[in-house]
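Below: the structure, in structure tokens.
No lab work stands behind these numbers, since they all come straight from the coordinates. Because the structure is predicted, anything quoted here is derived from the model rather than measured. Because the Cβ atoms are built from the backbone with ideal geometry, glycine has one as well, and the counts that use them run over all protein chains shown.
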Amino acid sequence: MENKRPIVEMRNISKTFGSTRALKGVDFTVMHGEVHALLGRNGAGKSTLVSTMSGLVASDTGTIRIADTEVVANGQPYAAKIRDDIAHVQQTPQLFNLLTVAENLFLENPSVQKRFGLVSHNRMRTQARALLEKWNMDIRAEALAGELGAGTRQLLEIMKALSRGVPVIILDEPTAALSNAEKHLLFEQVKALKALGISFIYISHHLDEVFEVADTVTILRDGLVVKEREAVGNLNVELIADLMMGEKTARSVRSDHTRYDAPALLRAIGVGIYPVAELGVDFQVQPGEIVALAGPVGGGKEALAMMLAGQLTPYKGKITGADGSLPTIGLVPTDRHASGYVGMLGVRENVAIGGLDLLSGRLGFINREKEASHVGHLATQTNVIASSLEQAVSQLSGGNQQKVVFARALCHNPQVVVALSPTRGVDVGAKEQLYALLRDLASKGLGVVVVSDEEDEIAQLANRVVIVFEGKLVAELRGDYTMKDLILRMEGVI
Ligand SMILES: Nc1ncnc2c1ncn2[C@@H]1O[C@H](COP(=O)(O)OP(=O)(O)OP(=O)(O)O)[C@@H](O)[C@H]1O
Ligand SMILES: [Mg+2]
């Protein structure tokens, strides 16, 4: 193996956005055939660093060499120069919704070009089908990308990058929307390509994944490298978390504020999660309770949550509140890029969308003073870090985008919060903050429904866990269940 030769060398990379110094003189080296994890908390500069590498963002200072191409930062983008050397799967999905799967996968791939720059649609479809088969994907090459679920879309982007035949591949939070089975498929492919000498830069907030696929780790904090090229074997989760945070990270424990004697805030009565369900499910949320819906992908936990949130109509049965009318619900949707925020609008506008009527005066005009103070309060409550409330949400780091989505969900003073994958793409420190926020809401008497695939997250939050499988509630844990109980229940149905 030629593990010892660098394929990417970046020296003294700095980047400033307005008043934010995202990178402060970073050195970063990637070897041939290595999977290099780039870690750091939200806003540390990971996405910015890899974007300067792939030429999406021009750095202010420094030099970059990728394979045989060397670039000196002069503010000019150079993506075209290194097209054949690098593929970049970005944190925010980039598929074209109105193009087909085959077009998304192969439109830019030279292998489908005929003479005179024409594209062979036949070749494109044949290659797309072969690729879909290789990845065990049961979708049509002719389907429109916009019709697919978040996991499938993410997998398509990864497949596209991996099939381009380039020596360096950047994966920026590739598993955020993937199921466990899809994750394993990805890891297998990464390992196979690595054996061929391909190099990966792997960004993730899931440290277990890092230990599964990565060889080397570099950690960024506030735009600086705090650990450079450490072998993964010399690290453990606690060490990494401490380096990321710059301090010891305290793990919180769950607390129970459930008011059992009060009437339920929200109730599902005989609700059909699937069209074919013979028996509907019964489910209720008490004031002060944090209940987690868990179980395999497609088992129905998301569908039930969306029904509880009033976003999906049950196939049978009904959803009702304590006095027969529905409570106000704050929703944190599962795919923040698709339905959580509007990127080009600022933090203030994105949050205020959640409670327009509350912020309007008598004539229906928005009361600007009220809006500014309410949004400012919510941004503080959710710990949003932005240069100002007017900063476009597309410019925020992934973790801060998610906090904006939380603030929006709370804008209407909900009685129940329904949060799907609430800490996806959120770093360990911000996770603790969001957990504390949810607990605080529960202590004030709100009901909280969390949909999650993460055992740690559930164990830290939920007073009750309900496993949803094939549209039924198949198991329940209450009170002081242990991590072992939880893992057994969660694995038991798969
Ligand atoms: N286009 C932009 N305009 C203004 N500020 C930006 C822009 N892109 C990034 N930033 C800022 O630069 C800093 C680093 O952001 P970056 O996206 O690189 O973080 P990250 O480490 O990828 O975080 P996360 O894990 O949350 O994705 C943040 O403060 C972010 O708000
Ligand atoms: Mg990022």
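Across segment 27-37, rounded Karplus estimates of 3J(HN,Hα) from the backbone phi angles (6.51 cos²θ - 1.76 cosθ + 1.60, θ = phi - 60°) give 9, 8, 10, 10, 8, 4, x, 10, 9, 10, 7 Hz, Gly and Pro being marked x.
Just so you know, the averaged projected area of the alpha carbon convex hull for segment 433-488 sits at 4.2 nm². Any chance you could tell me what percent of the C-alpha pair distances in segment 178-317 go past 22 Å? That tail contains 62 percent of the Cα-Cα pairs. Percent of Cα pairs in segment 1-77 per distance bin of 5 Å, from zero to the largest separation: 3, 16, 27, 26, 16, 9, 3, 1, 0. What is the percent of Cα-Cα separations in segment 363-494 that go past 24 Å? Of all Cα-Cα distances in segment 363-494, 38 percent exceed 24 Å.
Spin-label model, VAL276/LEU224: points 7 Å from Cα along the beta carbon direction are separated by 5.9 nm.
Compactness ratio for the chain: Cα radius of gyration over 2.2 N^0.38 Å (N = residue count) comes to 1.01. Hydrodynamic radius of segment 83-188 by the Kirkwood approach over all distinct alpha-carbon pairs: 14.1 Å. Under a 5 Å amide H cut-off, with hydrogens placed 1.01 Å from N, PHE469 pairs with VAL474 among residues at least 5 apart or on other chains. In angstrom, the C-alpha Rg and Dmax of segment 195-275 are 21.4, 62. With Cα atoms as the point set, the radius of gyration and Dmax of segment 1-154 evaluate to 18.3, 50 Å.
Quick one: pull the percentage of alpha-carbon pairs in segment 300-373 with a separation above 18 Å. Please report the intermediate quantities before stating the final value.
Working: 1524 of 2701 pairs.
Across segment 300-373, Cα pairs with separations above 18 Å total 56 percent.
When each of the peptides 85-94, 182-191 is scored by how many other beta carbons lie within 10 Å of its residues on average, the order from highest to lowest is 85-94, 182-191. So which of LYS301/LYS370; LYS4/LYS431; LYS301/LYS444; LYS191/LYS227; LYS4/LYS81 end up more than 27 Å apart, counting from Cα to Cα? Beyond 27 Å: LYS301/LYS370; LYS4/LYS431.
Phi angles of segment 316-330 translate, via the Karplus equation with coefficients 6.51, -1.76, 1.60 and θ = phi - 60°, into HN-Hα couplings of 7, x, 8, 10, 8, x, 4, 9, x, 9, 6, x, 6, 10, x Hz per residue; Gly and Pro are given as x.
Per-residue ellipticity at 222 nm, computed for the chain from helices alone with -39500 (n - 2.57) per DSSP H run of at least four residues, works out to -9000 deg cm²/dmol.
Using per-residue counts of other Cβ atoms within 10 Å, averaged over each peptide, order 462-470, 434-442 from highest down. Before the final figure, lay out each step's value.
Working: 462-470: 21.6, 434-442: 19.9.
Highest-to-lowest ranking by the protection proxy: 462-470, 434-442.
Would segment 108-261 count as rounded, prolate or oblate if I go by the C-alpha gyration tensor, calling it rounded below 1.5 in a/c and otherwise prolate when a/b exceeds b/c, oblate otherwise? Mind showing how you got there, number by number?
Working: a/c = 2.80, a/b = 1.60, b/c = 1.75.
Since a/c reaches 1.5 but b/c is at least a/b, the shape of segment 108-261 is classed as oblate.
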